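As structure tokens, the structure follows; a few thoughts come after it.
The values are calculated or read from the model by the stated rules, or taken from the named source; none is laboratory data. Here the structure is a predicted model, which is why all the values come from computation and not from measurement. A quick note on method: Cβ atoms are made from the backbone with ideal geometry, for glycine too, and the neighbour counts reach across all protein chains shown.
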Amino acid sequence: MKKMLMAFGAVALMGISAVAAEALVQKAKKAGLKPIPESRSELYKLIDNPKNPITDAKVELGKKLYFDPRLSKSGLVSCNFCHNLATGGVDGVDAATGHKWTANPHHLNSPTVYNAVFFEKQFWDGRSPDLEDHAQGPIQAAPEMAATKEHVEKVVNTIPEYVKEFKKAYGDPDMKPTFKDVADTIAIFERTLVTPSRYDKYLAGCDKSLSKEEKEGLKTFIDKGCVNCHTGIALGGSMQPFPLMGKYKYADIGDFKGDKNGMVKVPTLRNILETRPYFHNGAVWSVKEAIKIMGETQLGIKISDEEAKKIETFFGALTGKKPYVRYPMLPASSQKTPKPDLN
């Protein structure tokens, strides 16, 4: 009889545990948290661009252009220079640094390119609606790649292998790649930089994907209201007022104030432990400090050290599996390809 009662008790506890686990998943989904789809077809519905569909040929060409420093004025700075795929999609410095070793004049930090396809807007002030439009900006920005449209077009069109690849990728034997074509193709590659994690498996129904401590962190993350801004598939990517409830203690670093309405793009929390430093001006290097600052500035609450630690533990489950990217061998320049200009 005693063994039967013990067995019944064990079953009851398992039932309660299962109910509690299901309750947290439902709570997360109700709060707006969404997993990256496991199905390739479902994922492509989210990341594909109907105006310029993803194909293997475009992705491979876009990857080469992403890594090609010849698109820059100096011949030294590529997209990967600031958005390094080997280091979380960021450069790891507080202010983005580019042409002539120039730091961003507003002291803006380089956001990660991983999962950027899920953002509602691009750039810290949200001025670009998608990755295609966004890709045109850094190439032309003086403190970044400092190139003109004409320079980019001349580089690509004087490299025979690039012209051949564009014609093949777009199915146009008469194609003469334009600056927009280059940016669009880079964006196609960037659309594939998605990093599913254990967190996604958990939301999809695999309870064992998260540890007990990570689940406690997720619950704290939701209960404290962090999901008000860090939500959706990207856990960020929308435009929100910043600061909202309290003063940002590092506001004097740089002069960025957001868009005309004081709105700032919410950074993704995916791979957050790999993308230091934090905030638009890269002023914070500690995850714990960043969490506590967000409580003060955005939620108007004090997050304790213990609560911050729990949330940080949950953040570990957001470190995703990066797509395998083999460094490309770039096609050779020709005698007509623009020479590097370091001035």
Residue 307 fails exactly one of the following numbered conditions: (1) in contact with a Ser or Thr (Cβ under 8 Å, 6 or more places away or on another chain); (2) outside any helix (DSSP H, G or I). What is the number of that condition? (2)
Just give me the residues in the stretch 141-172 being within 16 Å of residue 59 (Cα to Cα) and either among the small types (Gly, Ala, Ser) or under 29 Å from the mean Cα position of the chain (by Cα) (or both), in sequence order. 162, 165, 166, 169, 170, 171
For residues in the stretch 154-205 being among the β-branched types (Val, Ile, Thr) and not in a helix (DSSP H, G or I), which is farthest from residue 217 (Cα to Cα)? 158
Considering each residue of the stretch 28-53, count those that are surrounded by 11 or more Cβ atoms within 10 Å (Cβ to Cβ), of a type outside the set (S, T, N, Q) and assigned to a loop (DSSP other than H, G, I, E, B), and give that number. 8
If I filter the stretch 177-185 for residues that are within 24 Å of residue 75 (Cβ to Cβ), under 27 Å from the mean Cα position of the chain (by Cα) and among the aliphatic types (A, V, I, L, M), do I get at least one hit? yes
Out of the residues in the stretch 18-65 that are under 23 Å from residue 163 (Cβ atoms) and among the charged types (D, E, K, R), state the one that is nearest to the chain's Cα centre (by Cα). 63
Which members of the stretch 202-259 meet the condition of being among the polar types (S, T, N, Q), more than 18 Å from residue 300 (Cβ to Cβ) and over 23 Å from the mean Cα position of the chain (by Cα)? 211
I want to confirm something. Restricting to the stretch 279-290 and keeping residues that are without any contact (Cβ under 8 Å) to a residue 24 or more places away in the chain and closer than 17 Å to residue 318 by Cα, which single residue is surrounded by the fewest Cβ atoms within 10 Å (Cβ to Cβ)? 286
Residue 230, sole failed condition from (1) part of a helix (DSSP H, G or I); (2) surrounded by 22 or more Cβ atoms within 10 Å (Cβ to Cβ); (3) out of contact with any Phe, Trp or Tyr (no Cβ under 6 Å at 6 or more places or on another chain): (1)
Does residue 253 count as more than 30 Å from residue 51 (Cβ to Cβ), touching a residue at least 40 places away in the same chain (Cβ under 8 Å), aliphatic (A, V, I, L, M) and in a loop (DSSP other than H, G, I, E, B)? yes
Are there any pairs with C-beta distances below 7 angstrom linking a residue in the stretch 158-181 that is free of Cβ contacts under 8 Å to residues at least 24 places away in the same chain and within 17 Å of residue 330 (Cβ to Cβ) to a residue that is assigned to a helix (DSSP H, G or I) and not basic (Lys, Arg), with the two at least 6 apart or on different chains, and if so which? 163/157
Return yes when residue 276 is under 23 Å from the mean Cα position of the chain (by Cα), charged (D, E, K, R), assigned by TED's automatic domain parsing to the domain that holds residue 231 and not in a helix (DSSP H, G or I) and no when it is not. yes
I'd like to know if the stretch 125-138 contains one or more residues that are more than 25 Å from the chain's Cα centre (by Cα) and part of a loop (DSSP other than H, G, I, E, B). no
Top-ranked residue of the stretch 292-310 - restricted to ones that are under 15 Å from residue 228 (Cα atoms) and in contact (Cβ under 8 Å) with a residue 60 or more places away in the chain, ranked as surrounded by the most Cβ atoms within 10 Å (Cβ to Cβ): 294
